[in-house]
Amino acid sequence: MLKNLFSSQNKQPTLDDMKNNIKNLQEMISKHQLNIQKNQQQIVQKNNELQNKIQQAIQQEKEIQYKQKLISTRNRMLQLSQEKNVYKQKVIYSLVSLVVLLLIIMITIYTTFMKRT
C-alpha cells in the first residue's frame, strides 16, 4: 500500500489522490494505535498476573519456612520425649532388678535358716 502511495510516476498526484493517501495513512496510524493500546493492555494484564504469582510464591516460601521451623521444633520435642522415656525405662528396669535381687536374697536367707533348724 505504501508503495502505491509513494511510487514514482511521471504524472503529478492530484489533490484527491493526496487526500486519499492522507486518509489511508491516518487509518493505518489509527489501526496501529489501536494495536498498540491492545498490546499495552495485554502487557499490563500479564504484568499484574506476574505480580500476583510473585506474591503467591513469596507467601508460599514464608509458609514453607514457618513449617520447617515448626517441624524442627517438633523433632526436638520428640527427641526430648524419647530421651525421657529411655531414662524412665532405665529406672523401671533398675527397680525390677532390685526387687528380683531382694527376692533372691530373701529366698536365700529363708533356705539357709530352714537348713539350720
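May I ask for the angle, rounded to the nearest 10°, between helix 15-116 and the longest principal axis of the chain, with both axes built from Cα atoms and the value confined to 0 to 90°?
It works out to around 0 degrees.
Using bins 5 angstrom wide from zero, how does P(r) for the chain break down, in % of all Cα pairs?
It works out to 2, 8, 6, 7, 5, 5, 5, 4, 5, 4, 4, 4, 4, 4, 3, 3, 3, 3, 3, 3, 2, 2, 2, 2, 2, 2, 1, 1, 1, 0, 0, in whole percents.
What lysines could a cross-link reach from LYS53, if we take a straight Cα to Cα line under 21 Å and drop same-chain neighbours fewer than 8 places away?
Partners within reach: LYS62, LYS67.
For ILE64 and LYS23 in the same chain, what is the full-extension length gain: residue separation times 0.36 nm, less their Cα-Cα distance, in nm?
Working it through step by step, the gained length comes to 8.7 nm.
In the chain, with Lys and Arg counted as +1 and Asp and Glu as -1 at Cβ, which of these residues, ASN21, ASN85, THR108, has the Cα nearest the positive end of the dipole, that is, farthest along it?
It is THR108, whose Cα lies furthest towards the positive end.
Rounded to the nearest 0.05, what FRET efficiency do ASN75 and LYS46 give with R0 = 41 Å and r taken as the Cβ-Cβ distance? Could you check?
Values: r = 42 Å, r/R0 = 1.03.
Calculated value: 0.45.
No value in this document is a laboratory result; all are computed from the given coordinates. In this text, all values refer to a predicted model and were calculated from it rather than measured experimentally. Cβ sites come from the backbone with ideal geometry, for glycine too, and all protein chains shown count toward neighbours.
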